[in-house]
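None of the figures in this text is laboratory data; all of them are computed from the coordinates on show. This one's a predicted model, so the numbers in the text were calculated from it and none came from an experiment.
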């Protein structure tokens, strides 16, 4: 299915990956191979792929260590009939991640600050899911299978931005909460709240207020700290112009 002005499958799948904080994780039971499903919290890597923090005592963790094949269902938790909202069923392999543990920990705790109390427990480990595909359902006639290159963010050439991400997030939350609130309310139509930045990447900015999460897409790709700063200033200007428009009698 080709994108249309009111439906872009790849964009919607990317947004769901970035905004989701919980999902239904399906694994295969050790020994029997029977399907096993559990509710998990998750965050996203810079390219959008899911991050899990799970205990070695959990059944799903033991299943993954025996057979890494998993499926993850994410939905937008729309009001009313949940079947009317968009959802994705992502398939892939889950693998324990040690090489980039600091990155995964930072991004996970940005999304789930309450996990700070147990993230260092010895039985908890970070796992990344390497997607092999996803099945998007977004309403009648809007059912699309997507390949990873269609719903993951290309990080090629964005090394400088990724290196600057932690400091950029800290700076936005410390000094520019007013701008984050403007992004949320004036550019994304959300209610005013205590919006904070949880991450950024070449294609956009992630924000959160409690368990409510938003994705602010950039109109153009950014690959370094300088272009990120210019983009955020530009978007803040656009948001403030909407404030001025609403104030004009």
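Comparing 71, 15, 55 in a Gaussian network model of the chain (Cα springs below 10 Å), the most mobile by mean-square fluctuation is 55. With 0.36 nm allotted per residue and the present C-alpha distance subtracted, the residue 91-residue 59 stretch has 9.6 nm of extension available.
When the Debye formula is applied to the Cα atoms of the chain, each taken as the same point scatterer, what base-10 log of I(q)/I(0) results at q = 0.07, 0.17 Å⁻¹? Scattering profile of the chain, log10 relative to I(0): -0.25, -1.40. On full extension, the segment bounded by residue 240 and residue 7 gains 81.1 nm, given 0.36 nm per residue less the C-alpha separation. For the range 160-244, the average shadow cast by the Cα convex hull is 4.9 nm², which is a quarter of the hull's surface. Relative to the longest principal axis of the Cα atoms of the chain, the long axis of helix 101-111 makes an angle of roughly 60 degrees. The angle between the Cα long axis of helix 159-175 and the main principal axis of the chain comes to about 60°, on a 0 to 90 degree scale. Based on alpha carbons, the Rg and Dmax found for the range 134-202 are 16.3, 45 Å.
Report, in degrees rounded to the nearest 10, the 0 to 90 angle that the Cα long axis of helix 225-247 makes with the longest principal axis of the chain. Helix 225-247 and the main axis of the chain meet at about 60 degrees. Binning every alpha carbon pair distance of the range 9-151 at 5 Å from zero, what are the percents per bin? Spelled out per bin, shortest first, that is 2, 10, 20, 22, 20, 14, 9, 3, 0, 0.
Centroid-to-centroid, using Cα positions, the range 190-249 and the range 106-130 are 26 Å apart. When the chain is treated as a GNM, springs tying every alpha-carbon pair under 10 Å, which of 17, 104, 39 comes out with the largest mean-square fluctuation? Of 17, 104, 39, the most mobile in the Gaussian network model is 39. Compute the orientation-averaged projected area for the range 96-190 from the convex hull of its Cα atoms and round it to one decimal in nm². The number I arrive at for the range 96-190 is 9.5 nm².
In the elastic network of the chain, a GNM with C-alpha springs shorter than 10 Å, the most mobile of 226, 156, 27 is 156.
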